[in-house]
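> My questions all concern the structure below.
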2 protein chains.
Amino acid sequence: MFMDRIKPRTLSGFMELLPGRQAQMERFLQVLRETYALYGFTPLDTPIIEDAQILLAKGGGETEKQIYRFQKGDSDLALRFDLTVPLAKYVALHYGELTFPFRRFQIGKVYRGERAQRGRFREFYQADIDVIGDGKLDILNEAEIPAIIYGAFSRLGLRRFQIRVNNRKILNGFYGMLGLTEQSGAVMRTVDKLDKIGPEKVRTLLTEDVGISPDNADEILKFIAIDGDNSAVLAALEQYRGKNELFDQGLEELTAVTRHLAAFGVPEDHFKVDLTIARGLDYYTGTVYETAMLDHPEIGSICSGGRYDNLAEYYTDKPLPGVGISIGVTRLFYVLEEQGYLNDSVITAPADALVLPMTDDMGPAIAAATALRNAGIRTQIYTEPKKFKAKMSYCAKLGIPYAVLIGEDEIAAGTVAVKNFETGVQVTVTPQEAAGLILEGLNVKNSGPVIRDGE
Amino acid sequence: MFMDRIKPRTLSGFMELLPGRQAQMERFLQVLRETYALYGFTPLDTPIIEDAQILLAKGGGETEKQIYRFQKGDSDLALRFDLTVPLAKYVALHYGELTFPFRRFQIGKVYRGERAQRGRFREFYQADIDVIGDGKLDILNEAEIPAIIYGAFSRLGLRRFQIRVNNRKILNGFYGMLGLTEQSGAVMRTVDKLDKIGPEKVRTLLTEDVGISPDNADEILKFIAIDGDNSAVLAALEQYRGKNELFDQGLEELTAVTRHLAAFGVPEDHFKVDLTIARGLDYYTGTVYETAMLDHPEIGSICSGGRYDNLAEYYTDKPLPGVGISIGVTRLFYVLEEQGYLNDSVITAPADALVLPMTDDMGPAIAAATALRNAGIRTQIYTEPKKFKAKMSYCAKLGIPYAVLIGEDEIAAGTVAVKNFETGVQVTVTPQEAAGLILEGLNVKNSGPVIRDGE
C-alpha cells in the first residue's frame with residue numbers, strides 16, 4: 001500500500017526522554033512526591049486548561065505574551081503557565097470545603113511559549129508546595145520550609161547545595177529607614193545584579209539610573225555587604241533595630257526562621273541568611289528562599305519561593321496568606337544530566353528479571369514469572385522464538401540485572417537457573433529461592449540515590 | 001484596595017477533586033503504575049502538545065472534530081487525544097535507540113472536546129500499556145495481557161469483573177467463509193449492537209440495511225450465539241476449522257491465549273471467550289479485549305485493547321506489530337465514586353500524625369516531628385496559636401489518625417503523648433516508641449484496597 005508518510009518529530013522546547021532517562025526522571029519525581037508527603041502536604045491535581053480570563057486575572061507582563069491561549073467553540077481557553085494561579089483559583093472556589101491551614105503539593109506540567117533555546121522548555125514540570133492560612137499563618141510555617149528543601153534535595157542525593165534566606169520586611173524596612181520606600185522596587189532589582197556585575201557597578205546604577213544619593217548608595221552597599229555565619233549576620237542586623245517597625249518585624253521573623261534549624265534537621269552549612277536575596281516578584285511580603293548548587297552558581301536558584309499575604313485576591317475577598325516554594329523540575333533534570341550528576345548505576349531497565357524459556361513449553365516459564373511477580377519483582381518473559389545469544393543480548397542491552405533461564409533440566413527438577421548479569425554468577429534454585437535471591441540483590445542495587453554528588 | 005474580582009470556576013468536563021478524593025485517585029494511579037511495572041513495562045512521558053499534522057496523520061472522523069487545535073506563532077499545534085498516536089510517533093522517531101520487543105506504559109492526560117455531559121470528560125487520564133515488536137511479535141504477548149488486566153483490577157480491589165476476549169481473524173475468517181469479506185465491517189458494527197437490541201433486530205438490520213441474505217444472517221446469528229465456558233466455545237469453533245485459513249489461524253491464536261491462563265494466575269471465572277466482541281476500530285487484527293464490571297454492564301468496557309499489525313505506518317515503513325490495552329481512568333474513577341465503590345476507610349488525610357505543641361517552646365515539637373518523619377511517617381506540625389479544642393478539631397476534620405501532644409510534662413520527661421483518634425486511646429511514650437506504635441497502626445489502616453467490592 002502506498003502512503004504519504006509524515007516525518008515524525010517532537011516539538012522543540014518539549015522534553016521527551018529515552019526509556020532509561022525516563023526511569024531516572026520517574027525516580028526523581030517519586031522522591032519529591034514522597035518528601036512533600038512526609039511533611040504533611042496533600043497531593044492536588046488541577047486541569048491543565050483553564051478559562052483564559054481566570055488565568056490572566058492578574059494580567060500583564062511576560063505571562064500574557066508567553067501563554068498558550070486559544071478558542072474552542074465559544075470558550076477563551078489557556079494552558080496554565082504555573083501552579084500558583086490554579087491553586088489560588090482552587091482555594092477560592094473550594095474555600096468552604098477546605099480545612100486551614102491548607103497544605104498541598106502539586107507536581108505537574110506548565111506551559112510557556114518562550115523563545116526556544118538549549119535548556120529552556122515550553123512544557124515543563126513544576127513541583128510546588130504551599131501552606132495557605134485562613135486570615136493568618138504562623139511564622140513557624142516559614143521556618144519549616146528550609147527543612148523541606150533540605151529533605152527533598154538530600155533525599156535526591158544532592159550534597160553541595162545551600163538554602164539562602166532573606167526577609168522582604170527587612171529589605172523594605174531598611175529602605176524605609178533611608179526614606180527610599182518609593183524606590184525600593186527599583187533598588188532591589190538593581191541590587192539583585194550584585195553577583196553578576198559587582199558592587200561598583202551596582203553603586204553606579206543606583207546613583208545614576210535609580211537616582212539614589214551617594215550617601216544612601218553607600219548605606220545600601222554596606223548593608224548588602226553584611227556577611228558571615230547566620231549568627232554574625234543576625235547580630236549585624238540587630239544594629240539597625242528600633243529605627244523602623246517593619247524592619248524590626250522582619251528581623252523577628254528571620255530570627256524565628258533560623259532558630260529551629262537544628263530541631264528541623266537542617267545542617268548549619270546548608271542554610272545561609274543572605275541579604276542580597278529579594279526574589280523579583282512584588283508578590284512576596286516576608287521570608288524569601290533561594291537554593292544554590294555550590295558548584296554551579298551559573299544555574300541560578302534550583303528551588304525558590306517565599307511568603308505572600310494574599311494568594312487569591314483576584315478571586316475572593318478572603319485574605320489568604322501563605323508560603324510556598326517551587327522546583328522547576330524539567331530544567332533542573334536537564335542541567336543535572338548535562339553536568340553528569342545523574343546516577344547511572346541505579347536500575348533503569350523496564351524489569352528486574354527476564355525469564356527466558358529455553359524449550360517450547362511456555363508453562364513453566366510463565367509460572368516462574370508469575371511467582372516472581374507475586375514476590376514483587378518486576379518481571380518480563382522473553383516471548384520471541386530467537387536464539388539464546390539474541391535473548392541474552394536483549395537482557396544485556398536493557399540492563400536487566402537478572403536472567404532466569406528455564407530449560408529441560410530445570411523443568412524436570414522444578415528449578416530455575418538465575419544468572420546475575422553483573423557478577424556473571426549463575427545458580428540453580430527453586431523459584432522461591434530465586435525470588436529471595438533477586439530481592440536481596442535489588443535491595444543493594446536500588447539503594448543508590450537519583451543524583452550522584454561527590455563520592 | 002478596590003479591585004474587580006473574577007468569579008473562580010473550573011471548566012465543565014474537567015475533573016478537579018477535593019483533597020480526600022484526590023488522595024484516593026493518587027492511590028488508584030499508583031496501583032496501576034506498580035502493576036504495569038511488575039509486568040516489565042517501562043514508564044514513558046511524551047508531550048501533551050504535538051504538531052497537529054503529526055497527531056492527525058491518520059486524519060478524519062470524530063478525532064478531527066474533537067481535537068484541541070490552535071496556532072502559536074507559525075506553529076499548527078494540538079493537544080494529544082490519546083496515548084497511542086504519540087507512542088507511534090515516539091517509536092518511529094526513536095526506532096534506532098529502542099530495544100524490541102519494546103514494552104512501555106504511559107499514564108497521562110488526553111484531551112477531547114466532546115459535548116459536555118455528566119460523566120464525560122474533556123480532559124482525562126488514560127493508562128496504557130503496549131508491547132511493540134520489530135517486524136514480528138509472538139502470540140505469547142497477547143496471552144499475557146489478560147494477566148495484566150486481572151492483576152491491575154484485583155490489586156485495585158475489584159472482584160466482580162470479567163475479561164472478554166475474541167480474535168478478529170476468527171471473525172474475518174468466518175465472514176470470509178460466508179463470502180462476506182467486503183461487508184465484514186458493516187456486519188461487525190451491526191453485531192456489536194446485539195447486547196442492546198437483541199438478536200431479532202440484529203437479524204433485521206443485517207438483511208435490510210447491510211443486505212445480507214437470510215441464510216447468511218442465520219449463520220451469523222448462530223455463530224455469535226456460541227456460548228458456554230471457554231473449552232465449550234473453543235470446541236464449537238473447532239467445527240468450523242479447515243474452511244478458511246484466516247479463521248484457522250485465529251483459532252490457533254485464541255487457543256494459545258486461553259492455554260496459559262492458570263500459569264498466569266488468572267482465575268477461569270474472570271476470563272471468557274466472547275465471540276460478540278469486535279472492537280469498532282479497523283486497527284485491530286488479532287486478539288481483542290474488553291473488561292466488564294459484572295454488576296454494572298451499563299458502564300461498558302473498563303479496559304479494552306487488542307493486537308494490531310502496524311503501529312506507526314503513518315510515520316515509518318518499518319512494520320511494527322503490537323498489542324496494547326487502555327484504561328480510561330478518569331471516567332472509571334468517576335463511575336466508581338458514583339456507585340459507592342471507593343474505599344473510604346483508607347487514610348486520605350494529608351498526614352498520618354499531627355504534632356500539637358502545647359507550650360510556647362516549639363523546639364521539642366519540631367524535634368519530635370523530625371524523628372517521626374525520619375521514621376517515614378507523614379507528619380504535620382500544627383503551627384497556629386489556637387485553643388486545644390480547635391487543634392483537635394482540625395485533626396478530626398482532616399481525618400489524621402494520630403495526634404502527638406507535647407506539653408510541659410512531656411518536654412520535662414522527654415516523652416510524647418500519642419492519641420489514636422479511632423480508638424480514643426492515649427499513651428505516653430518516647431518519640432521512638434511513638435514512631436513504632438504509629439507505623440504499626442498505619443500498616444493495618446493502609447492495608448485496604450482502593451476499591452471496595454463486596455466484603
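The values are calculated or read from the model by the stated rules, or taken from the named source; none is laboratory data. Since we're looking at a predicted model, the values are computed, not measured. FYI the Cβ positions are ideal-geometry reconstructions off the backbone, even for glycines, and counts take in every protein chain you see. These area figures cover heavy atoms from the full protein model, side chains too; ligands, DNA and RNA do not enter into them. Shrake-Rupley method; radii C 1.70, N 1.55, O 1.52, S 1.80 Å.
> Quantify how much of the Cα-Cα distance distribution of segment B:1-46 extends past 17 Å, in percent. Working shown, then result.
Working: 643 of 1035 pairs.
Looking at segment B:1-46, the distances longer than 17 Å represent 62 percent of pairs.
> At a probe size of 1.4 Å, how large is the accessible area of residue A:190, to the nearest 10 Å²?
Surface open to solvent at residue A:190 totals about 10 Å².
> While we're looking at this one, here's another question. Scan chain A for the residue whose Cβ is closest to the axis carrying it onto chain B, then write down that distance in whole angstrom.
Output: A:70, 2.
> If you don't mind, another one. With only alpha-carbon atoms counted, please give the Rg and Dmax of chain B, in Å.
Looking at chain B, its Cα Rg and Dmax stand at 27.5, 93 Å.
> Let me ask you something else. What's the whole-number percent of alpha carbon pairs in segment B:199-351 lying beyond 23 angstrom?
On the way: 6460 of 11628 pairs.
In whole percent, the share of Cα-Cα pairs in segment B:199-351 beyond 23 Å is 56.
> Would you check the accessible area of residue A:316, probe 1.4 Å, heavy atoms only, in square angstrom rounded to 10?
That residue has around 20 Å² of solvent-accessible surface.
> In addition: Can you compute the FRET efficiency between residue A:338 and residue A:63 using 1/(1 + (r/R0)^6), with r the Cβ-Cβ distance and R0 = 22 Å? Round to the nearest 0.05. The partial results should precede the final answer.
On the way: r = 28 Å, r/R0 = 1.26.
Once rounded, the FRET efficiency stands at 0.20.
> If you don't mind, there's one more thing I want to ask. Taking only the alpha carbons of segment A:324-416, what extent do you get along each of the three principal axes, in Å, biggest first?
60, 30, 18
> Over the Cα atoms of segment B:160-220, how large are the radius of gyration and the largest Cα-Cα distance (Dmax), in Å?
Using the Cα atoms of segment B:160-220, the pair Rg, Dmax is 12.2, 40 Å.
> Continuing with the same structure: Given label points at 7 Å from Cα along Cα→Cβ, what nm distances, shortest first, separate residue B:428 from the same residue in every other copy?
6.5
> For residue A:97, place a label point 7 Å out from Cα along the Cα→Cβ vector, do the same in each other copy, and report the separations in nm, one decimal, smallest first.
Those separations, rounded to one decimal, come out as 4.2 nm.
> Sorted from shortest, what are the nm distances separating the label point of residue A:225 from equivalent points in the other copies, each placed 7 Å from Cα along Cα to C-beta?
Shortest to longest, the spacings are 10.0 nm.
> Still on this model: Let me check something: with ligands and nucleic acids excluded, how do A:21, A:189, B:168 order by accessible area (1.4 Å probe), largest to smallest? Don't skip to the end; give the middle numbers.
Working: A:21 65, A:189 140, B:168 15 Å².
My answer, sorted largest first, is A:189, A:21, B:168.
> Mind checking Rg over Rh on segment A:7-136, alpha carbons, Kirkwood formula for Rh? Write down the numbers at each step before the final one.
Details: Rg = 16.6 Å, Rh = 16.6 Å.
Rg/Rh: 1.00.
> Rounded to a whole number of µm²/s, how large is the Stokes-Einstein D of the protein assembly as shown at 37 °C and 0.692 mPa s, given Rh as the Kirkwood radius over C-alpha pairs?
In µm²/s, the coefficient rounds to 108.
> Could you state the orientation-averaged shadow area of the convex hull built on the Cα atoms of segment B:195-287, in nm² to one decimal? Provide the component values of the computation, followed by the final result.
Details: hull surface 29.0 nm².
About 7.3 nm², averaged over all directions.
> Give the angle, between 0 and 90 degrees and rounded to the nearest 10, that separates the Cα long axis of helix A:84-93 from the longest principal axis of the Cα atoms of chain A.
80
> When the solvent-accessible surface of protein heavy atoms is calculated with a 1.4 angstrom probe, in what order do B:109, B:243 fall, highest first? Could you put the intermediate results ahead of the total?
Details: B:109 15, B:243 135 Å².
From most accessible down to least: B:243, B:109.
> Using a 1.4 Å probe, how large is the accessible area of residue A:427, given in Å² and rounded to the nearest 10?
50
> Report ³J(HN,Hα) in whole Hz for each residue of segment B:188-202, in order, from the Karplus equation J = 6.51 cos²θ - 1.76 cosθ + 1.60 where θ = phi - 60°; Gly and Pro get x.
5, 5, 6, 4, 4, 8, 3, 4, 7, 10, x, x, 4, 5, 4
> Ok, one more. Have a look at the DSSP beta bridges in the protein assembly as shown and tell me what percent are antiparallel, nearest 5.
Bridges in the protein assembly as shown are about 75 percent antiparallel.
> Quantify how much of the Cα-Cα distance distribution of segment A:257-315 extends past 20 Å, in percent. Show your work: numbers first, answer last.
Working: 639 of 1711 pairs.
Counting every Cα pair in segment A:257-315, those more than 20 Å apart make up 37 percent.
> Taking 10 °C and 1.306 mPa s as the conditions, I'd like the Stokes-Einstein D for segment A:129-168 in µm²/s, using the Kirkwood hydrodynamic radius from alpha carbon pairs. The partial results should precede the final answer.
On the way: Rh = 11.8 Å.
In µm²/s, the coefficient is 135.
> Also, quick follow-up: Could you tell me the distance between the Cα centroids of segment B:194-250 and segment B:6-71, to the nearest Å?
37
> If B:423, B:84, B:379 are ordered by their accessible area, calculated over protein heavy atoms with a 1.4 Å probe, which sequence runs from highest to lowest?
Working: B:423 85, B:84 35, B:379 0 Å².
Per-residue accessible area, sorted high to low, gives B:423, B:84, B:379.
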